[in-house]
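Just below is one structure, and these are the notes that go with it.
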Amino acid sequence: DEIEGVHILGQIDDEDVIARYMRISSAFVIPGKAGLAVNYAFAYGVPVLTRQHNYHAPEVEYIVSGENGLIVDGDFNSFVRSVAAYLNSFEAQKTFAKGALKTRDSLSLNFMVKAFDEAICETIRRKRGLSVGDASTAPIK
């Protein structure tokens, strides 16, 4: 059965085809195990909708339900109802898309390097007995 506006594509390996679909997608729906596809969706600024499972990969932690996607508790019918509600709400689509873009930015290499550098500097400051937010925020040497 076909549902107007819903396209179930299966696996696509061609990056150009993926990019075309992602640019026009309202959501990336993963009813099963979510893994690296979460990062992939966020790289395109596309919200991720999935179900609560115990067997998701660690990448599912990037999904903040209600901000950049949904993690739906309950049975499959609850998931279907939640996806339908999302697709019927332009406001939710707009909000989650903004959240997905924000998440994309936080997953960039530059962001991660900066966060790592700040953590190392803070660790050194604490080791030297300086408090958090101490006036001595010059780079550590």
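Points to keep in mind about this one:
- Failed criterion for Gly129 (all others in (1) in a helix (DSSP H, G or I); (2) over 23 Å from Pro31 (Cβ atoms); (3) not aliphatic (A, V, I, L, M) hold): (1)
- Screening region 45-60 for residues that are in a strand (DSSP E or B) and open to solvent by less than 40 Å² (accessible area, probe 1.4 Å) and picking the one that is farthest from Asp73 (Cα to Cα) gives Val48.
- Pick from region 61-89, criterion in a loop (DSSP other than H, G, I, E, B) and of a type in the set (A, V, I, L, M, F, W, C), ranking: surrounded by the fewest Cβ atoms within 10 Å (Cβ to Cβ): Val64
- Any hit, region 18-37, residues being at pLDDT 90 or above, open to solvent by less than 80 Å² (accessible area, probe 1.4 Å) and more than 20 Å from the chain's Cα centre (by Cα): no
- Candidates Lys94, Lys114, Lys102 - the one that is touching a residue at least 12 places away in the same chain (Cβ under 8 Å), out of contact with any Phe, Trp or Tyr (no Cβ under 8 Å at 6 or more places or on another chain), basic (Lys, Arg) and open to solvent by 40 Å² or more (accessible area, probe 1.4 Å): Lys102
- Filter result for Phe42 (under 17 Å from Ile8 (Cα atoms), of a type in the set (Phe, Trp, Tyr) and surrounded by 12 or more Cβ atoms within 10 Å (Cβ to Cβ)): no
- Close pairs (6 angstrom Cβ cut-off, 6 or more residues apart or separate chains): free of Cβ contacts under 8 Å to residues at least 40 places away in the same chain in region 46-62, open to solvent by less than 30 Å² (accessible area, probe 1.4 Å) and in a strand (DSSP E or B) anywhere: Leu49/Gly69; Thr50/Ile30; Arg51/Val72
- Evaluated against (1) in a loop (DSSP other than H, G, I, E, B); (2) in contact with a Ser or Thr (Cβ under 9 Å, 6 or more places away or on another chain), Ser26 falls short on exactly one condition, (2).
The values are calculated or read from the model by the stated rules, or taken from the named source; none is laboratory data. Keep in mind it's a predicted model, so treat the numbers as computed, not measured. A quick note on method: Cβ atoms are made from the backbone with ideal geometry, for glycine too, and the neighbour counts reach across all protein chains shown. Just so you know, the surface numbers come from the protein's heavy atoms only, side chains and all, with ligands and any DNA or RNA stripped out. Shrake-Rupley method; radii C 1.70, N 1.55, O 1.52, S 1.80 Å.
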